[in-house]
Amino acid sequence: MSQKVTLVLGGTGKTGRRVAERLQERGVAVRIGARSVSPSFDWTDEATWAPVLENVDRIYVCYQPDLAVPGSVDVISRFSSLAVGAGIKRLVLLSGRGEDEAEAAERALMASGADWTIIRGSWFFENFDEGFLAEGVVAGSVFLPVDAVTEPFVSCDDIADVAVEALLNDGHVGKIYSLTGSRLMTFADAVAEIAAAANRPISYQAIPVADFAAQLKADGVPDDYVELIRYLFSSVLDGRNSSLTSDVERVLGRPPRDFADYARETAATGVWSLAA
């Protein structure tokens with residue numbers, strides 16, 4: 001019988017790519033679930049689901065674009081039921097900390113009969129270099145609709161390390177982990193640390209959410225993504241996540257990565273440097 005495979009959905013994204021790499025380093029057979037690979041996987045095309053489940057025994061579930069979007073709860077319910085029906089028990093779901101809709105999706109996955117683990121992530125460090133904030137950082141001006149609210153920014157590396165432990169070790173079944181970094185910072189604090197690490201001026205300005213949404217639309221960002229961003233900044237970033245947990249250390253036996261280390265190491269790659 002061929003070796004069972006671990007399916008990593010969103011395996012080309014920020015967390016999924018890291019999860020896949022870590023599993024492969026441990027000698028685990030991995031299948032990437034994404035539109036760009038074969039067999040392809042698309043959350044919006046249910047016909048693509050069953051083919052990627054063949055010979056799989058565990059799944060890292062990362063939903064795109066976000067569990068906050070309408071319809072995600074039904075999709076997670078149908079997919080997790082399909083997986084369990086195919087004999088796949090271990091499901092590790094990446095969820096969003098402080099998102100009511102994400103918690104509804106969590107409950108849908110729990111109800112599937114899977115051996116589940118929930119990982120609730122805070123705002124990623126890597127949104128500043130791999131996500132939509134990178135362009136503003138390079139340009140030297142970051143504009144966002146959030147002012148003095150603090151966020152426990154967390155590294156995608158820490159999320160991936162926790163996810164791998166949850167996939168491979170039975171002791172995490174039935175657990176909900178809320179992952180944070182080591183300290184609370186405002187977005188202005190984060191940008192200031194990036195500026196110091198990159199050794200160049202980068203400003204931060206808080207703007208009204210309506211102005212931010214209008215600028216995204218003017219830049220050609222799809223309406224559904226604009227509405228997602230509007231929701232995240234007007235609802236989730238209201239202070240509800242302004243607290244730290246010890247869950248990274250609880251799972252990994254080490255403290256979470258610090259934002260200053262991320263800023264210094266990322267700046268050294270040149271990704272935030274001005275174009276010549």
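Taken together, the values in this text are just the output of simple stated rules run on the coordinates, not laboratory data. Bear in mind that the values here come from a model prediction, so they are computed numbers and not experimental data. Here Cβ is always computed from backbone atoms with ideal geometry, including for glycine, and neighbour counts include all displayed protein chains.
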(request) Evaluate the charge dipole of region 200-275 about its Cα centre and quote only its size in Debye, nearest 20, assuming +1 on the Cβ of each Lys and Arg and -1 on the Cβ of each Asp and Glu. (result) 260
(message) Compute, for region 1-132, the length of the dipole vector about the Cα centre, with Cβ point charges of +1 (Lys, Arg) and -1 (Asp, Glu) only. Units Debye, rounded to 20.
(response) 540
(request) Using the Kirkwood radius over Cα pairs, work out the Stokes-Einstein diffusion coefficient for region 213-252 at 25 °C and 0.890 mPa s, in µm²/s as a whole number. (result) 199
(message) Applying a 10 Å radius around every beta-carbon, put 6-16, 56-66, 223-233 in order of their mean neighbour count, most first.
(response) 6-16, 56-66, 223-233
(message) Taking a ≥ b ≥ c as the square roots of the Cα gyration tensor eigenvalues, with a/c under 1.5 meaning rounded and otherwise prolate when a/b beats b/c, else oblate, which class fits region 46-159?
(response) prolate
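To the nearest 0.05, how large is the calculated FRET efficiency for LYS4 and THR48 if R₀ is 25 Å and r is the Cβ-Cβ distance?
Rounded to the nearest 0.05, the efficiency is 0.75.
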(request) Provide the gained length on full extension for the span LEU274 to ASN127, in nm with one decimal, where the gain is 0.36 nm per separating residue minus the Cα-Cα distance. (result) 51.1 nm
(message) Using only the alpha-carbon atoms, how far is helix 259-268 inclined from the longest principal axis of the chain? Give it as 0 to 90 degrees, nearest 10.
(response) 80
(request) Would you calculate the separation in nanometres between label points at GLU135 and ASP189, each defined as 7 Å from the Cα along the Cα-to-beta-carbon direction? (result) 2.8
(request) Quick one: which residues, 5+ away or cross-chain, put their amide H under 5 Å from the amide H of GLY131? H built at 1.01 Å from N. (result) none
(request) Would you be so kind as to identify which of ASN241, SER203, ASN55 lies farthest towards the positive end of the dipole of the chain, taking Lys and Arg as +1 and Asp and Glu as -1 on Cβ and the Cα centre as origin? (result) ASN55
(message) Taking a ≥ b ≥ c as the square roots of the Cα gyration tensor eigenvalues, with a/c under 1.5 meaning rounded and otherwise prolate when a/b beats b/c, else oblate, which class fits region 69-121?
(response) oblate
(request) Note the angle between two axes, namely the Cα long axis of helix 14-25 and the longest principal axis of the Cα atoms of the chain, as a number of degrees from 0 to 90, rounded to the nearest 10. (result) 50
(message) Need one number: nm distance between label points at TYR225 and ARG200, each 7 Å from Cα along Cα→Cβ, rounded to one decimal.
(response) 2.3
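What order, most packed first, do the peptides 170-183, 38-51 have when packing is the mean number of other Cβ atoms within 10 Å of each residue?
Order by mean packing, descending: 170-183, 38-51.
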(message) Please state the shape class of region 145-237: rounded when a/c is under 1.5, otherwise prolate if a/b exceeds b/c and oblate if not, all from the C-alpha gyration tensor.
(response) oblate
(message) Taking 0.36 nm per residue of sequence separation and subtracting the Cα-Cα distance, how much length would be gained by fully extending the chain between ARG35 and ALA214, in nm to one decimal?
(response) 61.5 nm
(message) What percent of all Cα-Cα pairs in the chain falls into each 5 Å bin, going from 0 up to the bin containing the maximum distance?
(response) 1, 6, 12, 16, 18, 17, 13, 9, 5, 2, 0, 0
(message) Restricting to Cα pairs below 8 Å that are 6+ residues apart, what does the relative contact order work out to for the chain? Please round to a whole percent.
(response) 18
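Using helices alone, I'd like the mean residue ellipticity at 222 nm for the chain: each DSSP H run of four-plus residues gives -39500 (n - 2.57), total over residue count, nearest 500.
Working: 11 runs with 107 residues, N = 276.
About -11500 deg cm²/dmol.
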(request) Could you tell me how many degrees, from 0 to 90 and to the nearest 10, lie between the Cα long axis of helix 72-85 and the main elongation axis, the longest principal axis, of the Cα atoms of the chain? (result) 30
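Below 8 Å, C-alpha to C-alpha, sequence gap of six or more: please give me the relative contact order for region 44-143 in percent.
Over region 44-143, the number comes to 26 percent.
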(request) Enumerate the calculated ³J(HN,Hα) couplings along region 92-99 in order (Karplus 6.51 cos²θ - 1.76 cosθ + 1.60, θ = phi - 60°), each rounded to whole Hz, writing x wherever the residue is Gly or Pro. (result) 10, 9, 7, 10, x, 6, x, 9
(request) Give me the distance between the Cα centres of region 234-265 and region 161-213, rounded to whole Å. (result) 6
